[in-house]
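Undergrad: Pasting a structure here, questions to come.
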Amino acid sequence: MMLSEVPPSIRDRIEPEPNSGCWIWTGYLITDGYARIRQGGRKGPQLLVHRYLYELEHGPIRAGLVSDHLCRTTCCVNPAHIEVVTDLENCRRGLKVSLKTTCKHGHPWVPENMLIRKRKSGEIYHLCRECKRIASAIRYAKDPAYWQRRRLP
């Protein structure tokens, strides 16, 4: 689909990005960054623009399938950047992109530097071993007696 084939009411809110080929939506975005319009005015049903344009070009999306942004840009509405996949595949692709290689302080996020903890609720979370070591050293520098108090029964 060419941008010129898009309905004018939608085309007016699209800004083409020449390097990536994304069609960036300049209109309303919902909380997670997806483009949304209302069909038939203020009271009409909400439509996700990328799905609407995909369906204009390829027909309805079958039940049980979701649209996946191949460009990983949620505000992109270019139907050429959309592929219809299962929800499981969409999650797998999103996770693959979001896998971290460093912690938020830049330490390598590798198994040797990872601590696995479990909250009282049963939720499992990971900590950076190096960040924890630094935080402990800072706490000790501020209050050396903290560790003696902590070790006492």
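The values are calculated or read from the model by the stated rules, or taken from the named source; none is laboratory data. Nothing here was measured: the structure is a model prediction, and the numbers come from that model. Because the Cβ atoms are built from the backbone with ideal geometry, glycine has one as well, and the counts that use them run over all protein chains shown.
Undergrad: Going by the conditions given, is residue 82 more than 16 Å from the chain's Cα centre (by Cα) and either of a type outside the set (Phe, Trp, Tyr) or farther than 30 Å from residue 133 by Cβ (or both)?
TA: No; evaluated as a whole, the condition is false for this residue.
Undergrad: If you scan region 44-73, which residues turn out to be closer than 16 Å to residue 87 by Cβ and of a type in the set (Val, Ile, Thr)?
TA: Of everything in region 44-73, those that are closer than 16 Å to residue 87 by Cβ and of a type in the set (Val, Ile, Thr) turn out to be 61, 66.
Undergrad: Right, another one. Which one of 42, 51 is within 17 Å of residue 90 (Cβ to Cβ), basic (Lys, Arg) and at pLDDT below 95?
TA: On inspection, the qualifying residue turns out to be 51.
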